[in-house]
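What follows is one structure encoded as structure tokens, with my remarks underneath.
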Amino acid sequence: MATKMLAVRKEKPAKGAWLTEIPVPTIKANEALVKVKATSICGTDRHIYEWDEWSQKRIKPPMTFGHECAGEVVEIGKDVKRVKVGDHVSAETHIPCGYCPQCLTGLQHICHNLVILGVDTNGCFAEYVVIPEVCCWKNDKSLPMEIACIQEPFGNAMYTVNESQVSGKQILVIGDGPIAAFAVGIAKAFGAAPIIAVGKYEERIKILKQMGAHKTLSIKTDNIIDRVLEMTQGYGVDSVLEMTGQQDAIDWGLRLVKKGGIFTAFGIPSKKVMIDLSGGVVFKGSRIIGINGRVMFNTWFQTATVLGNGLVDPRPVITHKFPLKEFETGMAATSSANRDCGKVVFTLA
């Protein structure tokens with residue numbers, strides 16, 4: 001096996017990233033070494049690349065970033081039992097401690113001492129990545145690597161849709177990024193109707209339609225509140241899936257969720273937001289549910305079932321594929337002025 005590998009790294013505290021050659025990492029007794037076959041860009045990776053305020057506080061260069069990946073196990077530690085060399089795996093990126101109150105009560109995904117792959121540890125924008133055994137999800141080898149690598153963000157959408165109780169319900173999905181698009185596809189498979197999806201960028205709104213939205217609205221041309229109330233006889237929707245974290249979107253969602261409805265909050269605000277607690281929550285008897293990651297491992301089992309049985313085709317969301325060496329091109333695609341891309345996947349031999 002090689003002793004050196006290529007990796008995309010944040011070498012210093014500055015905007016950008018560097019493709020460098022570094023030693024292949026060594027593993028501990030409870031870890032697996034995975035040869036990366038496909039890896040995709042998350043919004044977190046863009047934050048790290050741009051070196052914004054959050055990154056400056058959280059990231060400690062030099063480090064390899066990236067956390068959405070799939071590959072083949074090439075080495076295992078002496079204590080590893082659940083995976084073996086040759087297995088195809090994806091990474092659950094939330095690394096739990098295993099002993100805090102959350103971990104001991106089935107809430108590993110919100111572990112009190114949570115560590116994030118590719119944020120707090122070296123990540124997968126590289127030819128090899130180290131993954132703790134507890135975070136290795138074993139894939140069916142028939143699952144294409146480009147789809148296997150997007151199960152982590154697909155799982156975000158799966159968790160959001162599950163908590164929103166969408167079956168047979170009118171729902172509103174606010175946001176047009178890849179996870180919002182995945183959520184539309186999953187909600188369609190779970191029997192939500194109608195699915196009203198709100199977006200900003202023309203190409204991404206087209207993807208929302210491809211994924212099964214019954215009605216799409218644009219924040220550039222539509223009065224969101226009036227249009228949704230018109231479509232729901234003035235009552236609003238049963239569930240709102242808020243995927244942006246923007247103040248306007250949060251305001252719309254709380255205004256448009258019907259009395260007794262559910263508001264699932266997945267989007268992360270860049271700053272503090274204000275909410276209409278009395279009108280949007282208390283007097284409506286509505287529920288706000290926070291979504292963080294995926295439930296370990298209920299969400300992964302559901303994702304495997306949905307993808308493995310063809311209930312949702314995620315391929316319309318995967319709009320760009322590049323070799324890892326062309327990471328700069330991939331990063332540029334995610335920040336184009338018109339956002340004319342969905343998920344960007346890097347491939348490795």
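Figures for the structure shown
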item	result
Residues of region 212-229 that turn out to be part of a loop (DSSP other than H, G, I, E, B), surrounded by 16 or more Cβ atoms within 10 Å (Cβ to Cβ) and of a type outside the set (A, V, I, L, M, F, W, C), as a count	2
Criterion violated by Val83 - all others in (1) surrounded by fewer than 19 Cβ atoms within 10 Å (Cβ to Cβ); (2) in contact with a helix residue (DSSP H, G or I) (Cβ under 7 Å, 6 or more places away or on another chain); (3) over 27 Å from Val345 (Cβ atoms) satisfied	(3)
Residue count for region 310-349, restricted to those that are of a type in the set (S, T, N, Q) and modelled with pLDDT under 95	4
Count - residues of region 128-148 that are more than 20 Å from Val295 (Cβ to Cβ) and not aliphatic (A, V, I, L, M)	6
Selected residue (only one of Pro144, Pro178, Pro153 is under 23 Å from Gly118 (Cα atoms), free of Cβ contacts under 8 Å to residues at least 40 places away in the same chain and of a type outside the set (D, E, K, R))	Pro144
Residues of region 320-341 classified as out of contact with any Ser or Thr (no Cβ under 9 Å at 6 or more places or on another chain), surrounded by fewer than 17 Cβ atoms within 10 Å (Cβ to Cβ) and basic (Lys, Arg), total	1
Qualifying positions in region 257-285 - among the charged types (D, E, K, R) and in contact (Cβ under 8 Å) with a residue 24 or more places away in the chain	Lys258, Lys259, Asp276, Lys284
Criterion violated by Pro101 - all others in (1) touching a residue at least 12 places away in the same chain (Cβ under 8 Å); (2) closer than 26 Å to Phe301 by Cβ satisfied	(1)
Residue that is nearest to Arg204 (Cα to Cα), among those in region 291-315 that are small (Gly, Ala, Ser) and exposed (fewer than 14 other Cβ atoms within 10 Å of the Cβ)	Gly310
Tally, over region 258-290, of residues that are surrounded by 11 or more Cβ atoms within 10 Å (Cβ to Cβ), of a type outside the set (D, E, K, R) and in a loop (DSSP other than H, G, I, E, B)	9
Qualifying residue in region 30-48 (condition: more than 28 Å from Asp176 (Cβ to Cβ), surrounded by fewer than 16 Cβ atoms within 10 Å (Cβ to Cβ) and either more than 24 Å from the chain's Cα centre (by Cα) or of a type outside the set (Ser, Thr, Tyr) (or both))	yes
Residue match in region 53-61 (condition: acidic (Asp, Glu), within 24 Å of the chain's Cα centre (by Cα), more than 17 Å from Pro132 (Cβ to Cβ) and modelled with pLDDT under 95)	yes
Set Ile195, Ile150, Ile171: member being crowded, with 19+ Cβ neighbours inside 10 Å and touching a His at 6+ places or on another chain (Cβ under 6 Å)	Ile195
Selected residue [more than 23 Å from Ala304 (Cα to Cα), of a type in the set (S, T, N, Q), more than 19 Å from the chain's Cα centre (by Cα) and modelled with pLDDT of 95 or more] from Asn122, Asn113	Asn113
Residue within region 22-30 that is in a loop (DSSP other than H, G, I, E, B) and in contact with a His (Cβ under 6 Å, 6 or more places away or on another chain) present	no
Residue check, Val344 under 20 Å from Tyr201 (Cβ atoms), buried (at least 17 other Cβ atoms within 10 Å of the Cβ) and touching a Ser or Thr at 6+ places or on another chain (Cβ under 6 Å)	yes
Per-region count, region 34-91, residues part of a strand (DSSP E or B) and not polar (S, T, N, Q)	18
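Residues are listed down the side, and each one gets a yes or a no for (1) out of contact with any Phe, Trp or Tyr (no Cβ under 6 Å at 6 or more places or on another chain); (2) closer than 14 Å to Val317 by Cα:
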position	(1), (2)
Met158	yes, no
Glu163	yes, no
Val166	no, no
Val173	yes, no
Ile186	yes, yes
Val198	yes, no
Ile207	yes, yes
Met211	yes, yes
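The values are calculated or read from the model by the stated rules, or taken from the named source; none is laboratory data. No experiment lies behind these values; they were computed from the predicted model shown. Neighbour counts run over all protein chains shown; Cβ positions are idealised from the backbone, glycine included.
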